[in-house]
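Following: one structure in structure tokens, then a few remarks.
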Amino acid sequence: GGWRVADGPAGAEPAASRQPPAPFSPTTEPLEIIRWALDTYPDLLMPSAFNLNGVVLLDLAAQAGYRGEVAFVDTGFHFPETLATRDRLAARYPQLTFVTLNAGAHPDDGQTGPTLYASDPDACCAARKVAPLQAYLRQKAPPALLNARSRDQAATRADIPFVEEGARVKINPLAHWNRQELEAYARAHELPVNPLYWDGFLSVGCWPCTRAVRPGEDARAGRWAGKGKTECGLWAGEGRL
Ligand code: SF4
């Protein structure tokens, strides 16, 4: 019988004791979750690809008092509309610092060659997307990340909690908002949503790997369609953030 203290690195506290338990119900407002996150992890950071979810989260985070960096990875394959959306957001939220990682990357810059996305999209995402963000996070070492994923984006995201433990704590304040709620918020606040969104690109990634979504499909069904891939590796799978 008896009990023993769980093993762990010397000096490390169990994750559960690092912060007060999150006082959330299944319907807690995103703004309240973000305020809790900023109180609990003042040095958190926010990577974003400026999709509908990301733009809504950005607006809410600014309202909640976030004044940190917003990190965007330039893969070299973004649609011009995506880069323009980033620029409109940067103009709208001067209190935030917009950081473009891998700035100026070009499709044939020698990093991965021009067509690795076709032959090995996992390797292409690993080099162009995951590696630059990992390097940035290693340097900044934030205790937590604000993340815009929601459960209704894809079957694989159906169980996302508000607070996700992992290599880094991820706070997902929009986990329970569906697409209609996000669109209503964006319209009510006249947010600069990527214009491709309204053309059916419900989740916009790189142009070689994104198509418009057909009626009835998941929001992310247009990402890597036909390539046997559903995530870039930032948020799911081995080596995720
Ligand atoms: Fe490469 Fe496509 Fe991944 Fe963009 S989404 S990094 S083009 S594989």
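Please treat every number below as a calculation from the coordinates, not as lab data. Bear in mind the structure is a predicted one, so any value in this text is a computation, not a measurement. Glycine gets a Cβ as well: all are built from the backbone with ideal geometry, and neighbour counts include every protein chain shown.
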Query raised in the report: Under 8 Å by Cβ, and 6 or more places apart or on different chains, what pairs join a residue from region 84-98 that is within 11 Å of GLY68 (Cα to Cα) with one that is part of a loop (DSSP other than H, G, I, E, B) and among the charged types (D, E, K, R)?
Result: GLN95/ARG67; LEU96/ARG67
Requested in this report: Hey, can you tell me all the residues within region 216-227 that are near the ligand (Cβ under 10 Å from one of its atoms), in a loop (DSSP other than H, G, I, E, B) and under 20 Å from the mean Cα position of the chain (by Cα)?
Outcome: TRP224
**Report entry** Flag for THR75 being closer than 30 Å to ARG187 by Cβ, within 15 Å of the ligand (Cβ to nearest atom), part of a loop (DSSP other than H, G, I, E, B) and under 18 Å from the mean Cα position of the chain (by Cα)
**Finding:** yes
Query - Hits in region 26-72 (condition: part of a loop (DSSP other than H, G, I, E, B), farther than 24 Å from ALA135 by Cα and touching a Leu at 6+ places or on another chain (Cβ under 8 Å)) - result: GLY65
Query raised in the report: Quick one: would you say ALA105 is under 21 Å from HIS176 (Cα atoms) and assigned to a loop (DSSP other than H, G, I, E, B)?
Result: no
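For ASP108, indicate whether it is under 23 Å from VAL213 (Cα atoms) and loosely packed, with under 15 Cβ neighbours inside 10 Å.
no
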Requested in this report: Quickly run through region 188-202 and pick out the residues that are farther than 17 Å from ASP218 by Cβ, of a type in the set (A, V, I, L, M, F, W, C) and part of a loop (DSSP other than H, G, I, E, B).
Outcome: LEU191, VAL193
Requested in this report: Please go through region 138-153 and pick out each residue that is touching a strand residue (DSSP E or B) at 6+ places or on another chain (Cβ under 9 Å) and either part of a loop (DSSP other than H, G, I, E, B) or surrounded by fewer than 18 Cβ atoms within 10 Å (Cβ to Cβ) (or both).
Outcome: LYS140, PRO142, PRO143, ASN147, ALA148, ARG149
Query raised in the report: For region 190-215, what are the residues that are within 16 Å of the ligand (Cβ to nearest atom), over 16 Å from PHE77 (Cα atoms) and surrounded by fewer than 17 Cβ atoms within 10 Å (Cβ to Cβ)?
Result: ALA212
Query - Checking THR230 against (1) within 14 Å of the chain's Cα centre (by Cα); (2) within 16 Å of the ligand (Cβ to nearest atom), the condition it does not meet - result: (1)
Report task. State yes or no: is LEU96 aliphatic (A, V, I, L, M) and surrounded by fewer than 19 Cβ atoms within 10 Å (Cβ to Cβ)? Result -> yes
Query raised in the report: Is it fair to say ALA167 is away from the ligand (no atom under 16 Å from the Cβ), surrounded by fewer than 15 Cβ atoms within 10 Å (Cβ to Cβ), farther than 27 Å from SER119 by Cβ and without any contact (Cβ under 8 Å) to a residue 12 or more places away in the chain?
Result: no
Query raised in the report: Which of the residues spanning region 78-107 are away from the ligand (no atom under 16 Å from the Cβ) and not charged (D, E, K, R)?
Result: ALA84, THR85, LEU89, ALA90, ALA91, TYR93, PRO94, GLN95, LEU96, THR97, PHE98, VAL99
Query - Residue within region 59-75 that is more than 19 Å from ALA144 (Cα to Cα), among the acidic types (Asp, Glu) and surrounded by 17 or more Cβ atoms within 10 Å (Cβ to Cβ) present - result: yes
